[in-house]
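Chemist: Okay, here's the structure, questions in a sec.
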Amino acid sequence: MRYKKKMLSSKKVSRKKSGNKSSIKKLKINNNKKNINVSAINNTRIKNNVSIISVFKFKVVRIILLLFLVLVIGSMLTIFIYNKYNILKYQEIDMSVRVQNGSSSFNTSTEALNFARIYPGGEVVKRIEIYSFKKSFVRIKAEGSIANFISVSENNFIMSENEYKQIEINLVVPADALEGHYDGKLKIYFLRR
């Protein structure tokens, strides 16, 4: 009740000051609405600008990630196809040696390069014969814990079609090598020329 009385008294005062009763109220209401509408429009413009910028940034990030993904997949496919096409033939031979002080032994097995038992500072030579059914570039690579002890007589060479070649595989155990079992693989790649 008190609030209504105060409102009525303020309305009376405003009416008394100007002769036109309704024009004062309309101006105040219109001014208030204009202020609200202008600020609401400004806020929506700012929000729209922010949302447009964030959407734009999101699209740019998606495009960059998509391009990166396409680049990675394309590179991997290129490498895979090149290697698949480039390798004519591939052979893998198991190798092993036991480093032990005092004595050495040998193994005559032809299934793998088993250097048997050897003492630190010792050396063993084994021969393998490889065959190329097509003109190719041959690359030989040793892998595993034995790889540091292995060297080959010839590597990175060209073989003619239907050619046989003997390769010496040298195992040299350093004098400071630890006792134990060392193994690995000898990989022979026949590549297109």
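The values are calculated or read from the model by the stated rules, or taken from the named source; none is laboratory data. Owing to the predicted nature of the structure, the values given are computational and were not obtained by experimental measurement. Here Cβ is always computed from backbone atoms with ideal geometry, including for glycine, and neighbour counts include all displayed protein chains.
Chemist: Restricting attention to the stretch 118-126, does a residue exist that is among the hydrophobic types (A, V, I, L, M, F, W, C), surrounded by fewer than 16 Cβ atoms within 10 Å (Cβ to Cβ) and out of contact with any Asp or Glu (no Cβ under 6 Å at 6 or more places or on another chain)?
Modeler: So far as the stretch 118-126 goes, no, none of its residues is among the hydrophobic types (A, V, I, L, M, F, W, C), surrounded by fewer than 16 Cβ atoms within 10 Å (Cβ to Cβ) and out of contact with any Asp or Glu (no Cβ under 6 Å at 6 or more places or on another chain).
Chemist: Something else: For Q100, all conditions in the list (1) closer than 27 Å to L88 by Cβ; (2) surrounded by 12 or more Cβ atoms within 10 Å (Cβ to Cβ) hold save one; what is the number of the exception?
Modeler: For Q100, the exception is condition (1).
Chemist: Now for a separate question. May I ask you to list the residues in the stretch 177-193 that are more than 30 Å from N162 (Cα to Cα) and out of contact with any Pro (no Cβ under 7 Å at 6 or more places or on another chain)?
Modeler: Hits for the stretch 177-193 are L178, E179, G180, H181, Y182, D183.
Chemist: Is it true that R139 is out of contact with any Phe, Trp or Tyr (no Cβ under 7 Å at 6 or more places or on another chain), closer than 18 Å to G184 by Cα, at pLDDT 90 or above and surrounded by 10 or more Cβ atoms within 10 Å (Cβ to Cβ)?
Modeler: no
To keep it simple, each residue is scored yes or no on (1) at pLDDT below 90; (2) in contact with a strand residue (DSSP E or B) (Cβ under 9 Å, 6 or more places away or on another chain).
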position	(1), (2)
I79	yes, no
E92	no, yes
N107	yes, yes
I118	no, yes
V125	no, yes
K135	no, yes
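Chemist: Please go through the stretch 76-123 and pick out each residue that is out of contact with any helix residue (DSSP H, G or I) (no Cβ under 8 Å at 6 or more places or on another chain), of a type in the set (V, I, T) and under 23 Å from I188 (Cα atoms).
Modeler: T78, I79, I81, I87, I93, T108, T110
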